[in-house]
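**Student:** Submitted below is the structure of interest, expressed as structure tokens.
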Amino acid sequence: MEKSFKLPTLDFCNSELKVGSHEWNSLRDEVFNSFQEYGCFGVMFDKVKPRALHEEMKEIFNVPLEFKMSKSSTMFGYLGQNPALPLYERLTIQDVLSQGVAKKFANLFWPDGNPIVCDMVLSYSKQLSMLEKTIRRMVMEILGVEKYIEEQNQSSNYVLIFNKYRKPTRDESGIGLAPHTDKNILTILFQIQVNGLQIQRDNGQWVDVEFSPNSFLVLVGDVFKAWTNGRVYAPIHRVLMSEKDEERFSIGFFTFPKKGYLVNVPKELVDEDHPLLYKPFDGIKYIQFYKSEAGQRAGHDSLKDYCGV
Ligand SMILES: O=C(O)CCC(=O)C(=O)O
Ligand SMILES: [Fe+2]
């Protein structure tokens, strides 16, 4: 019985990586194969410093709850104290790469606007958005739908989320984050020191994801699965904490379709062997559906329920 499995770890540190080169093509194959097989893979990427960013950001979790709550809006959410997920808290920066957003965020939490944090948030997000675009381009090349790359890039935006999980008490369950598929396009995740992420395999078994301390995890979300007409797989995952763990932090960088953008399977990806699986849908409305009672009832079938043919 597998308890943990080692995902492929792909090296994206080469800043000279050229589209069409031998190295590009072989990475591209590995990206696609991993997305088909596991819906995720590990990535080495040395252009950002997630630990340094975490060191700056973690202090926000320690400020009084009323203060965090009072700073929460649709753009900058503090979320926590959910009785269904008592171990979990998060801080969200929506639309992080839009003009002025990082600055506004830093101004809310630090009296001097903490320009250092602001710069770190921006450069982290810019670099990861480039990595994300590279990975998505590779998948689109393999599928022969490069002509949509520009449109896809133009219609995406980015959300940065800082997660914190405390350890459970003896009587609490260890569920830090309940099983889910991500509802976005791609997610680039970094966990700080403490493991806890698990992926559900096809046979229903939960396995620990082992990735090296310096690598990121890239996961396919439901929107990308739908857009590719199911060619890539969106893995069900969760966070499980144990009494013995220290508290756990992670940083998620999420690519979403922009509000109002219609996710529409390209005609090139529909043929006799690949009948259309999903009707066109608005990605943001899909999230609203997922959060609704009907969406919660549908659980892991929410994508199929919402827009399945
Ligand atoms: O904290 C983690 O490692 C996982 C977070 C996650 O799955 C999510 O935010 O969607
Ligand atoms: Fe997730």
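**Student:** Express the carbon and sulfur contribution to the solvent-accessible surface of the chain as a percent, rounded to the nearest whole number, probe 1.4 angstrom.
**Tutor:** In the chain, the share of accessible area belonging to carbon and sulfur is 51 percent.
**Student:** Cα gyration tensor of region 115-273, axes a ≥ b ≥ c as square roots of the eigenvalues: rounded (a/c below 1.5), prolate (a/b > b/c) or oblate?
**Tutor:** It is oblate, given that a/c is not under 1.5 and a/b is not larger than b/c.
**Student:** Towards the positive end of the charge dipole of region 1-88, with charges on Cβ (+1 Lys, Arg; -1 Asp, Glu), say which of 9, 32, 72 has the farthest Cα.
**Tutor:** The Cα lying farthest towards the positive end belongs to 72.
**Student:** Go ahead and estimate [θ] at 222 nm for the chain from helices alone: -39,500 (n - 2.57) per DSSP H run with n ≥ 4, summed, over the residue count, rounded to 500.
**Tutor:** -10000 deg cm²/dmol
**Student:** Provide the descending list of Cα extents for region 204-275 along its principal axes, expressed in whole angstroms.
**Tutor:** 51, 30, 21
**Student:** Give the residue from 274, 235, 223 lying farthest towards the positive end of the charge dipole for region 195-309; charges sit on Cβ (+1 for Lys and Arg, -1 for Asp and Glu) and the dipole is referred to the Cα centre.
**Tutor:** Value computed over the given set: 223.
**Student:** So, one more: Would you please give the residues with an amide H less than 5 Å from that of residue 182, counting only those at least 5 places away or on a separate chain, with H modeled from the backbone geometry?
**Tutor:** 222
**Student:** As an exercise, use a Förster radius of 25 Å and the Cβ-Cβ distance of residue 284 and residue 151 to find the FRET efficiency, rounded to the nearest 0.05.
**Tutor:** 0.90
**Student:** For residue 97, what residues show an amide H to amide H distance below 5 Å, using hydrogens built from the backbone and excluding near sequence neighbours?
**Tutor:** 158
**Student:** Per residue, how much accessible surface does the chain expose to a 1.4 Å probe? Answer in Å², no decimals.
**Tutor:** Working: 14910 Å² over 309 residues.
In whole numbers, the chain has 48 Å² accessible per residue.
**Student:** Let me ask you something else. Explain nothing, just the number: dipole magnitude of the chain about its Cα centre with +1 on each Lys and Arg Cβ and -1 on each Asp and Glu Cβ, in debye rounded to the nearest 20.
**Tutor:** Numbers: 37 positive and 40 negative charges, 150 e Å.
Around 720 debye, computed over the chain.
**Student:** What percentages make up the Cα-Cα pair-distance distribution of the chain when the bins are 10 Å wide from 0?
**Tutor:** 6, 26, 36, 25, 7, 1, 0
**Student:** Let me ask you something else. Under a cut-off of 18 Å between alpha-carbon atoms, report the lysines in cross-link reach of residue 68, not counting same-chain residues fewer than 8 places apart.
**Tutor:** Here the lysines satisfying the reach criterion relative to residue 68 are 58, 103, 104, 164.
**Student:** Could you work out, for region 7-136, what percent of all Cα-Cα pairs fall into each 10 Å distance bin, beginning at 0 Å and stopping at the bin that holds the largest distance?
**Tutor:** Calculated P(r), rounded to whole percents: 10, 33, 28, 22, 7, 0.
**Student:** Going through region 231-309, which trypsin sites (Lys or Arg not before Pro) have at most 10 other Cβ atoms within 10 Å and a DSSP loop state?
**Tutor:** Loop-located and lightly packed - 244.
The values are calculated or read from the model by the stated rules, or taken from the named source; none is laboratory data. What you see is a predicted model, and the numbers here were worked out from it, not measured in a lab. Backbone-built Cβ (ideal geometry, glycine too); neighbour counts: all protein chains shown. Accessible surface areas use protein heavy atoms only, side chains included; no ligands, DNA or RNA. Shrake-Rupley method; radii C 1.70, N 1.55, O 1.52, S 1.80 Å.
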